[in-house]
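Throughout, read-outs are computed from the coordinates displayed, never taken from laboratory work. Just so you know, these numbers come straight off a predicted model, no measurement behind them. Note: ideal-geometry Cβ built from the backbone for every residue, glycine included; neighbour counts use all protein chains shown.
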Amino acid sequence: MFCALRPAVLLLALASCAVGASTPAIAPDALLAHVKFLASDELQGRGNGSSGLERAADYIAGEFRKAGLESGGEAGSWFQPFEITTGVAIGGHNGLTIRAGGRTVRLTLGESYYPLAATPSDAVTSLTDVPLVFAGYGIAAPGFKYDDYATIDVSGKAVLIFSHEPQEHQRDSRLNGTRPLRETTLYQKALAARSRGARALLVVSDPSHSTDEANYRAFPIESDAEDHGIPVLRVRRNEMAPLLQALQLDATAAAIDRDLVPRSRALRGAAVDYTQELGARRQTVRNVIGILPGADAARGEEAVVLGGHYDHVGLGGRFSSVPERTGEIHNGADDNASGVSALIEIARAAAGDRPRFRRSLVFVAFAGEERGLLGSSYYAAHPSIPLDETAAMLNLDMIGRFRGRVEVGGLDASDPLRAEVDAAAREVGISVRPGGPGAGRSDDSSFVDHRVPALHFFTGFHDEYHHPGDDWDRIDAEGTARVATLALEVAARLAGRDDKLPFTSR
Ligand SMILES: [Zn+2]
Ligand SMILES: [Zn+2]
């Protein structure tokens, strides 16, 4: 049973409170108010590098202050700035021209082509009159006795290929039935071309996907490209159609589909001009840090970190579950306005009951999570309280869809954790399922990498994950408050232990 009493009435009522927990309950409506703001259209999905993210950071800092925390960032501020690559900076000199089969096709960046891979540089890169060859589906899979590169030299050339793989819908295909080959991934196709000396790879939708599903207009909005060492360009089937027709490449693809005999070939007189001016867009983003100093002089130099990321995927792009809807605001109410709102209310509850927390609590709202846990790795390298003195980390990421239970991952990071979490769960009256998304999925793993035991609280995936539909009206505020209360109780137990938690090596 959880004793849900406010501090003001607590002294009078203490005798009747069976479990003796003196922390006030977390108010669902307060929590939901934060979610509504952080996940509002005004904040544009809190993309890294956007002004919406900066507004969210200012809001969180203000709320940490109101909750009674002290600033824990750089130079006495609430913020810990760091620089990340947020995308591609598009210069004025970009263009692609393909000449083949007596036709010339001129393609425009963000309309009829875009780079899936580019090596960002400050200089303008140009390839002029590079011979073009056709390499089927661009697949080198000797293990399946299929190699589009077996009979063609692509060194110094630009390579035109189809997307996907032959016989992709054929159950009895010797190319792994209907399951895609590993060699069909873009990464492997780029590697196959580059390792054979190709200078560029052009990818066009294969004939079985004649409606090109790529979103060319999204590139200027959420420009992003991997670096695979050579330009890898997605080119639009519509514009390429006359050229494919003249070279009879769709017919060639159909023949490959029938007998799995590669038909790669040089294209007489075919050549490519490509100009690229794409730099890395580097921007400063900020972790937000507030501290509740420990009540115990002997323990106050030690910390329990409570964290959760406040960035999300903005207007979509390659991190969206529906990249074709890039341009729509991905509000990220569950991911992770829910966790950050909980952090704020946990801070308020803990500050109102400070004697219970012998170790200091460090609250960190991380930026850069969606781009690879960048904020938490930066914090781990520049902690407010050294990681040697950090007893544990509790991470809240996606806790807004409570369906009767919460998953808690990382319980095996230290032997006493299971018992502490079980005891806290009994006190709060919440059902806990051990597990969770696992290593590398969220910011807790940045701490585990440094041998700090870290727990991950999570209420499960859903259809609106990284989707424009992850909105505040689907948040279960009551349930989120219960998960937050569990995290608060676990934090109180870990902050109050005599010993520091031993890290269990695995
Ligand atoms: Zn998340
Ligand atoms: Zn996410």
Environment charge of Gln44, counting only residues whose C-beta is closer than 12 Å and scoring Lys/Arg +1, Asp/Glu -1: -4
Between the stretch 214-236 and the stretch 432-506, the Cα center-to-center distance that results, in Å: 34
Between the stretch 37-116 and the stretch 167-183, the Cα center-to-center distance that results, in Å: 38
Charge context of Gly177, other residues only, Cβ under 12 angstrom, K/R +1, D/E -1: 0
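When a/c reaches 1.5 or more, the comparison of a/b and b/c decides; with that in mind, is the stretch 363-506 rounded, prolate or oblate per its Cα gyration tensor?
On the way: a/c = 1.89, a/b = 1.20, b/c = 1.58.
Oblate, because a/c is 1.5 or more while a/b does not exceed b/c.
Relative contact order for the chain using alpha-carbon pairs under 8 Å, separation at least 6, rounded to a whole percent? Please report the intermediate quantities before stating the final value.
Numbers: 1175 pairs, mean separation 106.4, N = 506.
Relative contact order for the chain comes out at 21 percent.
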FRET efficiency, 1/(1 + (r/R0)^6) with R0 35 Å, evaluated for Phe461 and Asp153 via beta carbons: 0.15
Gain upon complete extension [Arg418, Asp259; 0.36 nm per residue less C-alpha separation]: 51.5 nm
5 angstrom amide H check on Ile230, placed H, neighbours 5+ away: none
Label-to-label distance, nm, for residues given as Ser121 and Glu328 (7 Å Cα→Cβ offset): 3.9
Convex hull volume of the chain per residue (C-alpha atoms, cubic angstrom): 155
Relative contact order [Cα under 8 Å, 6+ residues apart], the stretch 375-506, whole percent: 40
Cα-centred dipole magnitude for the stretch 92-276, charges only on beta-carbon of K, R (+1) and D, E (-1), debye, nearest 20: 480
Eligible aspartates and glutamates near Lys66 by straight Cα distance, threshold 18 Å, same-chain separation 8 or greater: Asp29, Asp58, Glu345, Asp353
Hits among lysines - C-alpha to C-alpha of Lys189 under 26 Å, sequence gap 8 or more where chains match: Lys145, Lys157
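Can you give the relative contact order of the stretch 92-276 as a percent, counting alpha carbon pairs under 8 Å and 6+ residues apart? Show your work: numbers first, answer last.
Values: 371 pairs, mean separation 75.3, N = 185.
RCO, the stretch 92-276: 41 percent.
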Neighbourhood charge, 13 Å Cβ-Cβ cut-off, centred on Ala266 and excluding it, Lys, Arg +1 and Asp, Glu -1: +3
Ascending count of other beta-carbon atoms within 10 Å, so fewest first, for Asp172, Asp212: Asp172, Asp212
Residue (of Pro180, Thr211, Leu191) at the positive-pole extreme of the stretch 175-223, dipole from beta-carbon charges: Leu191
Aspartates and glutamates whose Cα lies under 20 Å from that of Lys500, excluding same-chain neighbours fewer than 8 positions away: Asp296, Glu301, Glu302, Asp388, Glu389, Asp412, Asp415, Glu420, Asp422, Asp444, Asp449, Glu489
Shape of the stretch 340-390, Cα gyration tensor, a/c cut at 1.5: oblate
Cα-projected label distance for Ala298 with Gln283, points at 7 Å along beta-carbon direction, nm: 4.9
